[in-house]
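For reference, the structure discussed in these notes is given below.
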There are 2 protein chains.
Amino acid sequence: MSSQPENVPSAATESPSLVHAVEPGPELLDAAAATLRMLAEPTRLHLLWQLSDGPKTVSELTAAAGVPRTVASQHLAKLRHSGLVDTRKEGRNVIYSLRDGHLVRLIRETINHADHQLTGEPTHD
Amino acid sequence: MSSQPENVPSAATESPSLVHAVEPGPELLDAAAATLRMLAEPTRLHLLWQLSDGPKTVSELTAAAGVPRTVASQHLAKLRHSGLVDTRKEGRNVIYSLRDGHLVRLIRETINHADHQLTGEPTHD
DNA sequence: ATATTAGGTGCAATAGTTCGCACCTATGCA
DNA sequence: TGCATAGGTGCGAACTATTGCACCTAATAT
């Protein structure tokens, strides 16, 4: 247990003007990790990236991701069950959309970071 | 600065998406997913969060994360091998630090998103 | 009614991750 | 010299995730 996490030393190299005062508890970390786990798979990330551009049908998403239908479906089911995406039915299509606009920033930040990493990171920032 | 073009009404079958210019290729997606996989574990996320406040020793990190030493060590090894953190040795301590300041933003964005999800959004499915 | 298209689910095999144990090296101290 | 502390590694057991297969429902078209 040891619920005494007020140990944020940060007394080493520089004076931290903006320390984060709050220690994320286990639930927060679990929730965050759960979300990240959803993003941490190339196909799902691809699907989410597509969705960050606007709502799309399963067919569109599947085609863009270049994976078999069952695979896309399973991944979409996971995203659905984890509450990251929303669905509405229109005719015989199911249209997926990102539930939270906040997620768009996260996705783009991630892709951006990876892009920097690939193109040769020159000690950024 | 939050120019989100969300809700692009691509309600039709397929519209020429000129919204996000670049389609991430497989390598980019793999790299991004690899990074996210590193973040997508509560203990590792905790460690990285600690580091986002400044460099720390293994002992400090281990204590903060509240896990056995071997576990922390394994996770730190993964972070090291994936290039997300840097180490320097000082006496008998090893001091870990985030390699890329950019990562701080990603970590905080994630924690922030999870927090928002936990506290402000009781919409459950 | 029947076929077709869009999408979903259950399940088994495989692949990858996490954890804890035992054991190792290097630094500092008495 | 010997011993404690800080940190690391290799390995096996338990767990989780991904995939592909077969099969299912709902909506449209013929």
| task | Describe numerically, in nm with one decimal, the distance between label points set 7 Å from Cα along Cα→Cβ at residue B:81 and at residue B:23. | result | 3.4
| remark: Under Stokes-Einstein, the range A:43-117 at 10 °C and 1.306 mPa s, with its Kirkwood radius over C-alpha pairs, diffuses with a coefficient in µm²/s of 127
| Placing a label point 7 Å from Cα toward Cβ, how far apart in nm is residue A:101 from its equivalents in the other copies, listed shortest first to one decimal? | 2.9
| If we hang a label 7 Å off Cα along the beta carbon direction at residue B:23, how far is it from the matching labels on the other copies, in nm, shortest first? | 4.8
| note | Checking rank on A:89-99, B:54-64, B:22-32, with mean other Cβ inside 10 Å and highest first, the result is B:54-64, B:22-32, A:89-99
| So how much accessible area does residue A:78 have, in Å² to the nearest 10, using a 1.4 Å probe? | 100
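Can you work out the FRET efficiency for the pair residue A:70 and residue B:34, with r the C-beta to C-beta distance and R0 = 25 Å, to the nearest 0.05?
On the way: r = 24 Å, r/R0 = 0.98.
For R0 = 25 Å, the calculated efficiency reads 0.55.
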| remark: Expressed in square angstrom to the nearest 10, the accessible area of residue B:108 with a 1.4 Å probe stands at 80
| Vicinal HN-Hα couplings computed from phi for the range B:104-112 (Karplus, 6.51 cos²θ - 1.76 cosθ + 1.60; Hz; Gly/Pro x) | 4, 4, 4, 4, 5, 4, 5, 4, 4
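Please report the relative contact order for the range A:36-100, taking Cα pairs under 8 Å with a sequence separation of at least 6, and give it as a percent rounded to a whole number. Intermediate values should be presented prior to the final figure.
Numbers: 74 pairs, mean separation 22.5, N = 65.
Over the range A:36-100, the number comes to 35 percent.
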| query | Is there a simple number for the mean count of other chain Cβ atoms within 10 Å of the Cβ of residues in B:106-115, and what is it? | reply | 6
| Calculated label separations, residue B:80, copies of the chain, 7 Å along the beta-carbon direction, nm | 4.4
| query | So how far apart, in nm, are the two label points at residue A:94 and residue B:115 if each is 7 Å from Cα heading toward Cβ? | reply | 3.4
| said: Can you work out the Karplus-derived ³J(HN,Hα) for every residue in the range B:47-64? Use 6.51 cos²θ - 1.76 cosθ + 1.60 with θ = phi - 60°, whole Hz, and x for glycine or proline. | reply: 4, 5, 4, 4, 5, 5, 9, x, x, 8, 7, 4, 4, 4, 4, 4, 4, 5
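The values are calculated or read from the model by the stated rules, or taken from the named source; none is laboratory data. Please read all numbers here as calculations on a predicted model, not as lab measurements. Here the Cβ is made from the backbone with ideal geometry for all residues, glycine too, and neighbour counts use every protein chain on show. The accessibility values were calculated without ligands, DNA or RNA, using every heavy atom of the protein model including side chains. Shrake-Rupley method; radii C 1.70, N 1.55, O 1.52, S 1.80 Å.
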